[in-house]
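Accompanying notes for the structure given below.
The values are calculated or read from the model by the stated rules, or taken from the named source; none is laboratory data. Source: prediction; values computed, not measured. A quick note on method: Cβ atoms are made from the backbone with ideal geometry, for glycine too, and the neighbour counts reach across all protein chains shown.
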Amino acid sequence: MATQNGTSAKLTEPLFGTAENARMTGTGPAIWLAGDPEDLPEWLDAGAAGIVTNTVVLNQMVQKYGQITELTQRYLDITDKPVVIEIDGHSTQELLDVGEVFTKMSDQIVLKIPASTHALGAFAELKKAGVPTFCTTVFTLPQAAAVAQAGVTHVLPFCEPFNDVGGDPTKLIRDCQEMFDGWADRPFVTAALVRSVETAEAALADGADGIIVFWPVFRDMMQSHLTDEWNKTFLDEWNSMNDAGLMKDLPVQKH
């Protein structure tokens with residue numbers, strides 16, 4: 001696996017250093033976005049950490065945009081933030097060979113790989129090459145421990161499937177945080193498959209270092225009837241000052 005020039009310098013901090021360092025610098029939980037590249041620019045500009053894909057979304061998007069590398073370039077064209085591409089395969093070497101195609105495209109590329117025994121070798125080699133990695137489909141604490149030891153950057157507990165069977169969707173996040181507590185070089189615990197504001201809130205409350213959501217969930221995270229009521233109160237007061245001619249030195253909009 002070839003090392004990409006600039007990867008370590010560009011993607012190491014704060015999203016790809018240690019989770020403890022990220023917390024100490026006060027960067028806060030990361031919000032990663034998934035979806036169609038046409039829909040994402042507005043939300044990326046609103047503070048999202050970057051883009052994360054999975055093979056379900058990729059398969060949908062290639063039907064619209066063509067080859068997967070062409071789709072990847074579309075994502076790269078809309079942001080200078082990290083773009084996480086999920087890859088898959090049947091062996092460690094296949095994962096490394098496929099991953100190299102993407103990492104050669106840009107220093108922004110991060111590789112996301114489902115949890116498996118052959119993924120462990122890929123994570124170890126990619127760490128040596130300085131390539132950040134996400135491990136998805138993590139459902140158990142032993143899986144999280146294994147991929148962390150292999151060198152993965154982000155461990156991704158899958159949340160909503162636990163909801164689907166009546167379980168606690170974010171218990172694994174709590175368990176991972178407890179297990180990794182005190183690790184000097186611990187991975188990020190990033191909640192994946194978060195389909196609702198409720199699950200996003202639970203994941204963040206349980207200590208997730210980040211969440212991965214589709215942009216409509218990101219939008220809905222800002223909704224609260226109390227916020228709406230108080231925003232209207234404050235905006236009415238603002239408009240009242242403007243109407244009274246007391247804002248002539250400000251570039252305010254008419255209402």
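Tabulated results
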{"quantity": "Residues of the range 110-168 satisfying the condition of being at positive phi and not β-branched (Val, Ile, Thr)", "calculated": "Gly130, Gly151, Gly166"}
{"quantity": "Thr199 assigned by TED's automatic domain parsing to the domain that holds Phe180, among the hydroxyl-bearing types (Ser, Thr, Tyr), touching a residue at least 12 places away in the same chain (Cβ under 8 Å) and touching a Leu at 6+ places or on another chain (Cβ under 8 Å)", "calculated": "no"}
{"quantity": "Count of the range 209-225 residues which are out of contact with any helix residue (DSSP H, G or I) (no Cβ under 8 Å at 6 or more places or on another chain) and either without any contact (Cβ under 8 Å) to a residue 40 or more places away in the chain or basic (Lys, Arg) (or both)", "calculated": "4"}
{"quantity": "Sole residue being surrounded by 18 or more Cβ atoms within 10 Å (Cβ to Cβ) and more than 19 Å from Leu33 (Cα to Cα), chosen from Leu111, Leu96, Leu71", "calculated": "Leu96"}
{"quantity": "Residues satisfying the stated conditions in the range 172-192, i.e. surrounded by fewer than 21 Cβ atoms within 10 Å (Cβ to Cβ) and either without any contact (Cβ under 8 Å) to a residue 24 or more places away in the chain or in a loop (DSSP other than H, G, I, E, B) (or both)", "calculated": "Glu178, Asp181, Gly182, Trp183, Ala184, Asp185, Arg186"}
{"quantity": "Neighbours by Cβ (under 8 Å, 6+ apart or cross-chain): first from the range 114-126, over 16 Å from Phe139 (Cα atoms); second in a helix (DSSP H, G or I) and hydroxyl-bearing (Ser, Thr, Tyr)", "calculated": "His118/Thr92; Gly121/Thr92; Ala122/Thr92; Glu125/Thr92"}
{"quantity": "Residue satisfying condition, being without any contact (Cβ under 8 Å) to a residue 60 or more places away in the chain and in the same structural domain as Ala30 (by TED's automatic domain parsing), within set Asp206, Asp236, Asp243, Asp228", "calculated": "Asp206"}
{"quantity": "Counted residues, the range 30-67 - those being among the β-branched types (Val, Ile, Thr), surrounded by fewer than 18 Cβ atoms within 10 Å (Cβ to Cβ) and either in contact with a Leu (Cβ under 8 Å, 6 or more places away or on another chain) or within 21 Å of Glu100 (Cβ to Cβ) (or both)", "calculated": "2"}
{"quantity": "Within the range 103-144, considering residues that are among the β-branched types (Val, Ile, Thr) and part of a strand (DSSP E or B), the one farthest from Ala191 (Cα to Cα)", "calculated": "Ile109"}
{"quantity": "So Asp88, is it among the acidic types (Asp, Glu), assigned by TED's automatic domain parsing to the domain that holds Ile113 and under 16 Å from the mean Cα position of the chain (by Cα)", "calculated": "no"}
